[in-house]
1. How would the chain be classified by its alpha-carbon gyration tensor: rounded, prolate or oblate, with rounded meaning a/c under 1.5 and the a/b versus b/c comparison settling the rest?
2. Pairs of Cα atoms under 8 Å, at least six residues apart: use those to get the relative contact order of segment 1-124, whole percent.
3. If we count other beta carbons within 10 Å of each Cβ, what is the order of 212, 288, fewest first?
4. Test of understanding: extend the Cα→C-beta vector of residue 280 to 7 Å, then name every residue of segment 149-177 with backbone N under 12 Å from that spot.
5. Give me the percent relative contact order of the chain, please, defined on Cα pairs under 8 angstrom at least 6 residues apart.
6. Which value in deg cm²/dmol, rounded to the nearest 500, describes the helix-derived mean residue ellipticity at 222 nm for the chain, given -39,500 (n - 2.57) per DSSP H run of n ≥ 4 and division by the residue count?
7. Which of rounded, prolate, oblate describes segment 105-251, given a ≥ b ≥ c as roots of the alpha-carbon gyration tensor eigenvalues and a/c under 1.5 marking rounded, otherwise prolate only if a/b is larger than b/c?
8. Between residue 177 and residues 5 or more places away or on another chain, which pairs have amide H atoms under 5 Å apart, with H built 1.01 Å from N, and which residues are they?
Amino acid sequence: MTTFSEIAPLLEGQAIEVPSWAYGNSGTRFKVFGTPGTPRTPEEKIADAATVHRFTGLAPSVALHIPWDQVDDFAALRRYAEDLGIALGTVNSNTFQDDDYKLGALTHTDKRIRQKAIDHHLACIDVMDQTGSRDLKIWLAEGSNYPGQADMRGRQDRLAESLQTIYDRIGDDQRLVLEYKFFEPAFYHTDVPDWGTSYVQVAALGERAMVCLDTGHHAPGTNIEFIVAQLLRLGKLGSFDFNSRFYADDDLIVGSADPFQLFRILVECARGGAFEADSDVAFMLDQCHNIEKKIPGQIRSVLNVQEMTARALLLDRDALTQAQEDGDVLLANEIFMDAFYTDVRADLAAWREERDLPANPMRAYLESGYQEQIEADRVGGTQAGWN
Ligand code: LRH
Ligand code: MN
Ligand code: MN
C-alpha cells in the first residue's frame, strides 16, 4: 500500500496553469452570457488568476492568448503578474478570427496570407521574450468542409514549411507546442487532427517542438490515456489543455464529465514520470465558463486535478505490476480501482492547512468577499474573444 504521506512530496511541486480566457465571458454560438465581475482588461484577468493561486496554491502561472491579451507593454504586464505572485505562462497564438484565414493560415495557398500567419507567430515569440514565457502554443483552425475543396497533402507540406520558419525563431529556452483537434471549425478534414499528425510535424522540427494534448479534442470513446503513454514514451508530450466534455469540445470543468478518465490519464502521467521534478510536461487548463462564475469554476478545476493526481499517485504500482505479470486480470483491475475509489479529501485538507492554505479553498474564496468586490467594481466586462 502506498500512503498519502509517501506521495505528498510529489504533490508539493504540482503547478497547473490557468488560461486568461477562462475569466472572460464566453458562451456557445447561440448566446454569450455576461457575468457580473467579468474582467475588463488583461490585468484584471491576471488578478483573478492570482486569486485562484492564492486560495489553492496550485496555479502559479497564467496563459495568455494573443491578441485577446494584447497590451502595449508586456514587460510591465509581467511585473504586474509577479507582484501578484504569479508568472505569465504559455503564449497562445490566434489565427482563427481573421477574414484572411477563412481558407487557411499556415497552410494557405496564398504566400502572402501564409506570411501574415507566420509573422503573427513571430510577434508571439517577441511577446514571450518579454513575458519570460517558455511555450508558444499553436492551435490551427485549418481544414476544409468538402471533399475535393483542398489538396490535403499540399497543405501538410506548406504547414511543415511554415512551422519550420516559426521554429527557427524559437529561443534556446523556449518550446513550440502544436495542439491537435479532430474537427471544428472545419468539418471534413482538419490539418492537425490527431496526435500522430502533430507528432510527425513536431518531430521534423526538432527537440524543442512538442505535442499539446487537449482532452476535449478527440472523438468520443478515444483512449486518451494511451496517447498520453505513447507521447511520454516518445518524449514528446509537451503540455495538456485540461477540460472535460460530454459531446464535443465542451470545455467544461476538469473532471466533471468523466472523473475516471481524468484518473486514468493521470495514472499514465505518474507511470511516465510527468510528476517528477525534472519533467517538462506543462499541465494547463483550457476552459470556458459559460454559465457558472469563473473564479470558483477555475478553483474547482485545479482542485479536481490535484485530487485525482493524489489518487493516481496512490496506485500501488508494485502490486499492480505483480498482478499484471501473474496474468491476474481481476486482481490487477481491483488494485487499479482501489486507488480510484480512495477518498483523499481529508488528507488534502490537512495537507493544505500545514502549508497555510485554506483547508477548503472553495469555501474560503466564497467567504472572502472578492467576488462581491469585483461584481461591484467592474462594470462592462470584455468578452473572452472566443465566440
Ligand atoms: C481550440 C482551443 C485552443 C484555443 C482555445 C481557445 O478549440 O482548444 O487551445 O487556443 O481553444
Ligand atoms: Mn485547447
Ligand atoms: Mn478546444
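1. Working: a/c = 1.71, a/b = 1.17, b/c = 1.46.
It comes out oblate by the Cα gyration axes.
2. Working: 140 pairs, mean separation 25.6, N = 124.
This gives 21 percent for segment 1-124.
3. Working: 212 29, 288 23.
Fewest-to-most ranking of 212, 288: 288, 212.
4. Only 171-177 fall inside the zone, counting backbone N under 12 Å.
5. On the way: 707 pairs, mean separation 86.3, N = 387.
The value is 22 percent.
6. On the way: 14 runs with 173 residues, N = 387.
Rounded to the nearest 500, it is -14000 deg cm²/dmol.
7. Values: a/c = 1.66, a/b = 1.09, b/c = 1.53.
Oblate.
8. 136, 137, 138, 210
Bear in mind that the values in this text are calculations on the coordinates, not laboratory data. Predicted model only: the values in this text are computed from it and were never measured. Cβ coordinates were reconstructed from backbone atoms using ideal geometry, including for glycine residues, and neighbour counts include every protein chain displayed.
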